[in-house]
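Visitor: Mind having a look at this structure? Questions to follow.
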Amino acid sequence: MSSSQNESRHVNNLLHTLRGEQFRHSQNLRRSRTHLTSTVDHNSPTLPIRLFTSGYEPLPIPEPADPEQTKSASKCSGPGPPKSWTLTTAKDLHDTPEWRSQALLIILSHLEKEKKLSRVPSLSLLCLRSFALACTGVEFREDVVPYILPHLRRDLIRYTAVHSPLSNAKLYLLFEPEGHADGEIIIVGPSASLRDDYFLREAGHHVQEESWDADTPSPKLLLSFMLVSTRMPASTLLTLPPTLTHLALINLPAPVSLHRLPNICPLLVVLDLSYNQWLTTPSKETLNSLDRVEWTRWSSLCILGFRECFMPDGMLQKMNRGRWDDVQVVQ
């Protein structure tokens with residue numbers, strides 16, 4: 001036998017030994033007693049020995065999991081987590097950034113498109129959000145709010161409305177002194193709620209100011225109002241400003257008199273009534289109110305949000321009667 005053949009046999013023996021140690025190591029990790037059933041051909045071509053190192057350890061191949069063991073392993077000792085830690089009800093699902101982002105998508109997208117605003121938060125907006133969350137009510141009122149420009153107040157309210165809605169104490173500070181933030185109000189429950197007769201009090205406040213100082217410029221008009229996951233008192237509905245062009249009444253706990261809206265807010269361009277349970281399975285009274293809506297009074301209406309809502313027969317025809325362009329209904 002030549003020296004080259006002896007060297008090749010020696011290399012193959014070394015490789016065989018390494019494979020055996022490697023296999024036994026993996027079997028020990030798996031705690032398995034099975035053995036190889038096939039033989040190894042020592043004369044078959046092999047990789048060069050220099051590719052193997054003493055520190056190499058293959059990943060163990062996991063055995064099929066036992067369903068009972070998996071089920072028991074997922075449980076920890078002691079009592080289970082409180083129900084408040086898990087999302088179990090529809091109400092909980094509505095209190096998430098993902099749902100709020102989807103709920104406000106129609107109206108905010110239209111507003112951002114009109115004013116050519118960027119959806120990417122600016123550095124100043126992120127800093128203001130940190131101040132709003134970290135400061136106490138007194139600090140926020142005295143040290144932060146007086147120095148925030150109206151358009152930044154509006155952007156801050158929009159951002160927090162999705163990611164972390166503000167409480168009444170901080171939210172209404174951002175509405176001062178005009179009663180809104182750059183012509184816009186967003187109130188998201190359950191963190192905040194609409195104060196009773198809010199629009200009446202604000203209107204009276206501005207009338208009093210103008211009577212005392214005639215040189216004061218007129219305040220900016222309220223154009224956009226969004227109410228999400230909180231109640232709308234019937235008395236407050238009747239006092240909505242007629243200047244509104246964008247209105248969202250989303251996931252309200254109780255029905256509102258929809259047939260009154262065309263007379264109250266005749267200039268609406270976007271109306272979003274999405275995710276209202278009382279429109280998903282409407283009562284006879286709600287269907288009657290919806291049937292009495294005078295759609296022709298909304299000559300400027302372009303978009304109607306009606307997601308997860310029931311549309312009665314004939315409603316679409318009434319909505320588009322006498323129009324050059326049909327209303328875009330988002331369902």
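The values are calculated or read from the model by the stated rules, or taken from the named source; none is laboratory data. If you're wondering where the values come from, they're calculated on a predicted model, not measured in any experiment. Virtual Cβ from ideal backbone geometry, glycine too; neighbours counted across all protein chains shown. Note: accessible area is taken over every heavy atom of the protein model, side chains too, but ligands, DNA and RNA are not part of it. Shrake-Rupley method; radii C 1.70, N 1.55, O 1.52, S 1.80 Å.
Visitor: Listed here are the pairs LYS113/LYS220; LYS170/LYS220; LYS220/LYS284; LYS113/LYS170; which of them are more than 31 Å apart at the Cα? It would help to have the intermediate numbers written out before the result.
Guide: Values: LYS113/LYS220 20 Å; LYS170/LYS220 21 Å; LYS220/LYS284 40 Å; LYS113/LYS170 28 Å.
Result: LYS220/LYS284 exceed 31 Å.
Visitor: Ok, one more. Taking a ≥ b ≥ c as the square roots of the Cα gyration tensor eigenvalues, with a/c under 1.5 meaning rounded and otherwise prolate when a/b beats b/c, else oblate, which class fits region 218-267? Can you show the working numbers first?
Guide: Working: a/c = 1.98, a/b = 1.49, b/c = 1.33.
Because a/c hits 1.5 or more and a/b exceeds b/c, region 218-267 counts as prolate.
Visitor: Another question about this same structure. With the full set of protein chains in place, find how many percent of the accessible area of region 124-169 is carbon and sulfur; take the probe as 1.4 Å. It would help to have the intermediate numbers written out before the result.
Guide: Numbers: 1430 of 2300 Å².
The nonpolar share, carbon plus sulfur, comes to 62 percent.
Visitor: Would you mind working out the accessible area per residue for region 241-329, using a 1.4 Å probe, and quoting it in Å²? Numbers along the way, then the final one.
Guide: Working: 4360 Å² over 89 residues.
Solvent-accessible surface per residue comes out at 49 Å².
Visitor: With r as the distance between the Cβ atoms of ASP325 and SER164 and R0 = 41 Å, compute the FRET efficiency 1/(1 + (r/R0)^6) and round to 0.05.
Guide: Values: r = 38 Å, r/R0 = 0.93.
Rounded to the nearest 0.05, the efficiency is 0.60.
Visitor: Rounded, prolate or oblate: pick one for region 286-331, where a ≥ b ≥ c are the square roots of the eigenvalues of its C-alpha gyration tensor, a/c under 1.5 means rounded, and failing that, prolate if a/b is larger than b/c, else oblate. Each step should come with its number before you reach the end.
Guide: Working: a/c = 1.86, a/b = 1.24, b/c = 1.50.
Oblate, because a/c is 1.5 or more while a/b does not exceed b/c.
Visitor: Any idea how far apart ARG141 and LEU14 come out in nm if each label point goes 7 Å out from Cα toward Cβ?
Guide: Roughly 8.3 nm, to one decimal.
Visitor: How much length is gained on full extension from ALA234 to GLU294, taking 0.36 nm per residue of separation minus their Cα-Cα distance?
Guide: On the way: separation 60, 0.36 × 60 = 21.60 nm, distance 1.90 nm.
Fully extending the segment from ALA234 to GLU294 adds 19.7 nm.
Visitor: Right, something else. Using a 10 Å cut-off on Cβ atoms, rank the peptides 293-302, 279-288 from the highest mean neighbour count down. Spell out each step's value before the answer.
Guide: Values: 293-302: 15.7, 279-288: 13.2.
Peptide ranking by packing, descending: 293-302, 279-288.
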